[in-house]
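Report on the following structure.
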Amino acid sequence: MKRLAGLLCGAMMLASAAVPTAAETPGREQIATVVEQQHDANVRTLQEWIALPTIAAEKRNVVEGAEYMRQLALDAGFQNARIVPTDGVPGVFATLDAGAPTTLGIYFMYDVKQFDAEEWSSPPLEGALVERPGEGMTMVGRGAVNQKGPETAFLAALKAIRDSGRKLPVNIVLVAEGEEEVASTNFHQVIADPEVQAALAKSIGVFIPSAGQGRDGSANITLGAKGAVEFQLVVGGETSDKYPKTDVHSSNHARIENPAWRLVKALDTLVADDGHTPAIDGWFENVKPLTDRQKQLTAEGAKLYPEAEAKAQLGVGRWIDDEDYVASLERLVSQPTVNIQGLVAGYTGPGGKTVLPGRAEAKLEFRLVPDMTKEEAVSKLEAHLAKRGFDDVRVTVSGGYGPNETDEDSLLIRAQKALFDNMGLPYSITARSAGSWPGVMFNGPPLGLPASQFGLGRGGGAHAPDEWFLVESANPAVNGLDEAVMAFVDYLYIVAEEATQTP
């Protein structure tokens with residue numbers, strides 16, 4: 001998550017509203033005993049899932065990953081689970097009817113990001129248990145925290161309630177995709193399936209399991225996330241006959257244009273001279289500024305999470321334009337971005353090679369904020385390049401979606417506040433995550449549902465080497481796997497309770 005990474009800790013904002021304490025989960029002690037008994041099995045489940053990576057960008061385990069996700073749902077007690085075909089990687093749709101008056105939607109991603117095994121201290125598909133100083137016993141592997149660890153904990157919560165002889169307090173509708181890491185290219189097709197859409201329409205909202213605890217044990221609530229659009233700009237013999245079809249001798253640059261220079265010139269028009277402010281024509285037309293409430297919470301969050309800690313985590317010494325900490329946090333949650341992920345052209349090995357490349361490519365992303373849309377961003381990019389004569393620059397959009405927002409008073413958010421208050425757990429609120437997930441597909445038409453993230457666990461290294469998820473915590477204030485499972489158990493009961501109090 002993609003989306004779900006970024007600087008959550010830095011952007012978190014202190015909560016200010018009190019919520020009535022929720023009732024104790026019925027039979028909680030017995031459920032907790034079952035969770036403890038199933039600990040080893042849950043650890044193995046996560047290890048086995050990590051060992052089967054679905055990587056959409058590489059078309060790796062596309063069929064196997066979907067079937068594995070379907071079986072995980074059935075094993076957790078879903079009565080029905082089927083694979084939903086798309087034009088790319090399939091989705092999975094499952095339902096669990098507990099005979100409850102309330103239905104809750106759950107979003108999963110079963111794909112993971114690419115990895116280079118040489119960069120890892122332990123094999124990325126092994127799910128090794130590794131002691132992390134100051135944290136406890138962790139599981140290291142690609143997808144451990146993003147998102148297989150939290151998702152395994154959620155499925156374990158369903159099993160524990162069932163195996164303790166109880167019925168779930170809510171019905172569950174599960175939708176899972178295998179393309180989140182490429183910006184959910186075809187997930188809209190899963191949502192558009194008539195059976196899927198009808199089932200989701202009965203729900204009170206949708207959440208994605210996460211691991212949102214800080215090192216001190218504090219929790220966070222996010223009220224939305226930026227949208228994301230991934231795309232490529234390509235220039236070369238495949239886009240115009242003024243460039244060579246393959247690399248040629250560099251002496252020919254006297255009479256043949258270099259596609260790498262052309263790409264650089266196109267890229268330079270996308271941002272201002274400061275190197276970061278988007279300069280695409282009309283880019284800020286629909287950007288909604290932060291409200292006074294959001295600014296207030298941002299300032300409070302700056303006091304709660306030290307600036308030095310945020311800089312150390314990122315390995316930087318200053319923010320853009322040498323802004324102060326509060327300004328940097330406001331920028332983080334409010335500013336849309338045009339980012340270059342990578343540039344590829346010609347020879348990149350040791351020394352030189354005296355070639356004129358036949359192809360140049362840039363991999364880019366947009367991060368979008370309310371009230372921008374994917375369609376608007378893409379059309380403005382294409383119009384911007386066309387106006388400047390870059391008809392030889394090919395734009396290929398590989399995936400994307402707009403931003404999402406959920407009201408602070410929605411049932412899903414009220415339930416999170418009630419749970420944290422019930423636990424006596426300090427928590428914070430942020431207007432939106434700087435990372436992304438396709439919550440807009442639930443927020444937006446035709447469903448119009450609240451969509452949020454929730455989970456009391458801990459991990460790190462999403463998209464990076466040595467990604468980890470906390471299994472046994474050294475700090476009693478921070479949840480390991482068993483405690484993360486119980487947090488999902490408690491949340492389901494509180495959601496059911498809150499739903500009965502909603503007019």
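At-a-glance table
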{"quantity": "Qualifying residue in segment 142-151 (condition: over 22 Å from E58 (Cβ atoms), of a type outside the set (A, V, I, L, M) and surrounded by fewer than 24 Cβ atoms within 10 Å (Cβ to Cβ))", "calculated": "no"}
{"quantity": "Test result for A299, of a type in the set (A, V, I, L, M, F, W, C) and either surrounded by 17 or more Cβ atoms within 10 Å (Cβ to Cβ) or on the phi > 0 side of the Ramachandran plot (or both)", "calculated": "no"}
{"quantity": "Odd one out for H384, checked against (1) assigned to a loop (DSSP other than H, G, I, E, B); (2) more than 30 Å from A496 (Cα to Cα)", "calculated": "(1)"}
{"quantity": "A266 being among the aliphatic types (A, V, I, L, M), assigned to a helix (DSSP H, G or I), at pLDDT below 95 and farther than 18 Å from E405 by Cα", "calculated": "no"}
{"quantity": "Checking I83 against (1) over 22 Å from V145 (Cβ atoms); (2) part of a helix (DSSP H, G or I), the condition it does not meet", "calculated": "(2)"}
{"quantity": "Where A386 falls short, out of the listed (1) touching a residue at least 60 places away in the same chain (Cβ under 8 Å); (2) among the hydrophobic types (A, V, I, L, M, F, W, C); (3) more than 27 Å from A219 (Cα to Cα); (4) out of contact with any Leu (no Cβ under 8 Å at 6 or more places or on another chain)", "calculated": "(1)"}
{"quantity": "Residue within segment 46-54 that is of a type outside the set (G, A, S), surrounded by 20 or more Cβ atoms within 10 Å (Cβ to Cβ) and closer than 25 Å to S164 by Cα present", "calculated": "yes"}
{"quantity": "Complete set of residues in segment 177-217 that are hydroxyl-bearing (S, T, Y), surrounded by fewer than 24 Cβ atoms within 10 Å (Cβ to Cβ) and under 21 Å from the mean Cα position of the chain (by Cα)", "calculated": "T185"}
{"quantity": "Residue count for segment 342-353, restricted to those that are of a type outside the set (G, A, S) and either loosely packed, with under 11 Cβ neighbours inside 10 Å or in contact with a Pro (Cβ under 7 Å, 6 or more places away or on another chain) (or both)", "calculated": "2"}
{"quantity": "Segment 117-137 residues that are under 21 Å from W49 (Cβ atoms), paired with ones that are among the basic types (K, R) (beta carbon under 8 Å, 6 or more apart)", "calculated": "P124/R142; L125/R142"}
{"quantity": "Residues of segment 312-336 classified as outside any helix (DSSP H, G or I) and surrounded by 17 or more Cβ atoms within 10 Å (Cβ to Cβ), total", "calculated": "3"}
{"quantity": "Any chance V235 is touching an Asp or Glu at 6+ places or on another chain (Cβ under 8 Å) and more than 18 Å from L104 (Cα to Cα)", "calculated": "yes"}
{"quantity": "Options E375, E300, E309: the member that is more than 30 Å from P426 (Cα to Cα) and not in a loop (DSSP other than H, G, I, E, B)", "calculated": "E375"}
{"quantity": "Count of residues meeting criterion [of a type in the set (S, T, Y) and within 21 Å of the chain's Cα centre (by Cα)] in segment 41-63", "calculated": "1"}
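Here is a yes/no grid of residues against (1) under 30 Å from F420 (Cα atoms); (2) of a type in the set (D, E, K, R); (3) in the same structural domain as G461 (by TED's automatic domain parsing); (4) in contact (Cβ under 8 Å) with a residue 12 or more places away in the chain:
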{"position": "H188", "(1), (2), (3), (4)": "no, no, yes, yes"}
{"position": "S203", "(1), (2), (3), (4)": "yes, no, yes, yes"}
{"position": "S251", "(1), (2), (3), (4)": "no, no, no, yes"}
{"position": "A260", "(1), (2), (3), (4)": "no, no, no, yes"}
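Residue-wise test of (1) touching a residue at least 12 places away in the same chain (Cβ under 8 Å); (2) assigned to a loop (DSSP other than H, G, I, E, B); (3) surrounded by 24 or more Cβ atoms within 10 Å (Cβ to Cβ).
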site: S428; (1), (2), (3): yes, no, yes
site: L447; (1), (2), (3): yes, yes, no
site: L456; (1), (2), (3): yes, yes, yes
site: E472; (1), (2), (3): yes, no, no
site: V478; (1), (2), (3): yes, yes, no
site: D482; (1), (2), (3): yes, no, no
site: M486; (1), (2), (3): yes, no, no
site: E497; (1), (2), (3): yes, no, no
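Okay, residues lined up against (1) under 19 Å from the mean Cα position of the chain (by Cα); (2) assigned by TED's automatic domain parsing to the domain that holds K380; (3) not charged (D, E, K, R):
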{"residue": "V316", "(1), (2), (3)": "no, no, yes"}
{"residue": "I320", "(1), (2), (3)": "no, no, yes"}
{"residue": "E323", "(1), (2), (3)": "no, no, no"}
{"residue": "V326", "(1), (2), (3)": "no, no, yes"}
{"residue": "L343", "(1), (2), (3)": "no, yes, yes"}
{"residue": "G346", "(1), (2), (3)": "no, yes, yes"}
{"residue": "G349", "(1), (2), (3)": "no, yes, yes"}
{"residue": "T354", "(1), (2), (3)": "no, yes, yes"}
{"residue": "R359", "(1), (2), (3)": "no, yes, no"}
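The values are calculated or read from the model by the stated rules, or taken from the named source; none is laboratory data. What you see is a predicted model, and the numbers here were worked out from it, not measured in a lab. Note that each Cβ is placed from the backbone with ideal geometry, even for glycine, and that neighbours are counted across all protein chains shown.
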